[in-house]
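Undergrad: My questions will all concern the structure given below.
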Amino acid sequence: MKRVILSIIFVVLTVMVYGIKTDIIPPHPEGFFIQINSLGYSFGEAEISTIPLGWPLGLYNATFRLFMGNTNVINLYGIVFDPGLMSTYAGEPRYGWLLPFNIGGYLHTNMNLGRLSLKLHGEVNDTGIYVAPELFSANYFVIHGIWLKGFGSVGFYVRDNVEVFGGAESGILFNIYVQPESTSTDFQTYIDQLRNESLYSMGRVGLRWYYDNYSAVEIGYRYKFKESPLMYLQGFTPTDWIYNLFGFLNWTSEGAATDIKIPFITTDYYLTFSARF
């Protein structure tokens, strides 16, 4: 049961959390804007947007960004996935509603002090699954968890576009909730155990080469201080997602997939592109 719940959380988070965050890119000019991957409206220091390419796939999403100068941004986001939508395209009827969702936000700080850089990131997410025979049925079931994640990095620019850095990341499961509420004391004991075992922490050291104002090639090394299943949600880039996927498969298969090694991708030494930090 423990692995089933964690598997559900991991799959939902992987599909719904990654890919909706960006580094501190200046706000769009006031008014409507259309890009390949976003559609929205800018009020100047704040903007709302969505990714319309996800709509036909049942990925309904919205993001609100508030810029506080050039060094801080607050990002609030929500996404709901409707996997049953695709079957309706083939004329198949719906057999109930199963809707994974994620609601969250983060505060991101990116400051340069001469040749020193300081990057801080903290986020909170509420992720879960809604199940019901009808969309707004009184007979429904929801399981969702609130989890926290943070990262800090200090770097030094050896050249204008080359930075050496060191940083640490940590995350923890705050709690898991079920509606209708369970009155079982065993269930609450189990949730408390999950929460206590969820803390992870890890460090990174490496080098970044910035090929434009917001993107970089990063080569580095991950060092695990404390491992937990939540660690498979570490990082912020596509190569981190692949690393997490293989790590999660190794965990669920109790090591059966450990022979699969992709240099710089599924290893603790890594190479990634378009790094957020």
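The values are calculated or read from the model by the stated rules, or taken from the named source; none is laboratory data. Since this is a predicted model, take the numbers as computed values, not measurements. We place every Cβ from the backbone using ideal geometry, glycine too, and count neighbours over all the protein chains shown. Note: accessible area is taken over every heavy atom of the protein model, side chains too, but ligands, DNA and RNA are not part of it. Shrake-Rupley method; radii C 1.70, N 1.55, O 1.52, S 1.80 Å.
Undergrad: Could you look at the range 59-164 and say what percent of its accessible area is carbon and sulfur, using a 1.4 Å probe and all protein chains?
TA: Answer for the range 59-164: carbon and sulfur cover 69 percent of the accessible area.
Undergrad: Among G206, F174, Y270, whose Cα lies farthest out toward the positive end of the dipole of the range 124-277, if unit charges sit on the beta carbon of Lys, Arg (+1) and Asp, Glu (-1)?
TA: Comparing the listed Cα positions along the dipole, G206 ranks first.
Undergrad: Here is a follow-up. Using a Gaussian network model of the chain whose springs link C-alpha atoms within less than 10 Å, name the residue from R195, R159, R208 with the highest mean-square fluctuation.
TA: Comparing R195, R159, R208 in a Gaussian network model of the chain, the most mobile one is R159.
Undergrad: Aspartates and glutamates near K149 by alpha-carbon distance under 13 Å, same-chain residues fewer than 8 away left out - which ones?
TA: Those aspartates and glutamates meeting the cut-off are E123, D126, E169.
Undergrad: Rounded to whole Hz and in sequence order, give me ³J(HN,Hα) for the range 196-202 from the Karplus expression 6.51 cos²θ - 1.76 cosθ + 1.60, θ = phi - 60°, writing x for Gly and Pro.
TA: 3J(HN,Hα) across the range 196-202, in whole Hz: 5, 8, 8, 5, 10, 8, 8.
Undergrad: What FRET efficiency, computed as 1/(1 + (r/R0)^6) with R0 = 51 Å and r the Cβ-Cβ distance, is obtained for E134 and R195, rounded to the nearest 0.05?
TA: 0.95
Undergrad: To the nearest 20 debye, what charge dipole does the chain have about its Cα centre, counting +1 at the Cβ of each Lys and Arg and -1 at the Cβ of each Asp and Glu?
TA: About 560 debye.
Undergrad: Can you spot the aspartates and glutamates whose alpha carbon is less than 17 Å from K261's alpha carbon? Ignore those fewer than 8 places along the same chain.
TA: Once the sequence-local aspartates and glutamates are set aside, what remains near K261 is D240.
Undergrad: Okay, next question. How long is the gain from L107 to Y221 if the chain were fully straight, where each residue apart is worth 0.36 nm and the alpha carbon distance is subtracted?
TA: Length gained between L107 and Y221: 38.5 nm.
Undergrad: Right, next: In what sequence, largest accessible area first, do V131, V158 appear using a 1.4 Å probe?
TA: Largest to smallest exposure gives the sequence V158, V131.
Undergrad: Related question: Applying the Karplus parametrisation 6.51 cos²θ - 1.76 cosθ + 1.60 with θ = phi - 60° to the phi angles of the range 167-183, what ³J(HN,Hα) value in whole Hz is obtained for each residue in order, glycine and proline being reported as x?
TA: My calculation for the range 167-183 gives x, 9, 10, 8, x, 7, 7, 6, 5, 10, 10, 10, 10, x, 5, 8, 9 Hz in order.
Undergrad: Still on this model: Given the DSSP H assignment, sum -39500 (n - 2.57) over each helix run of at least 4 residues in the chain and divide by its residue total; what's the result at 222 nm in deg cm²/dmol, nearest 500?
TA: -5000 deg cm²/dmol
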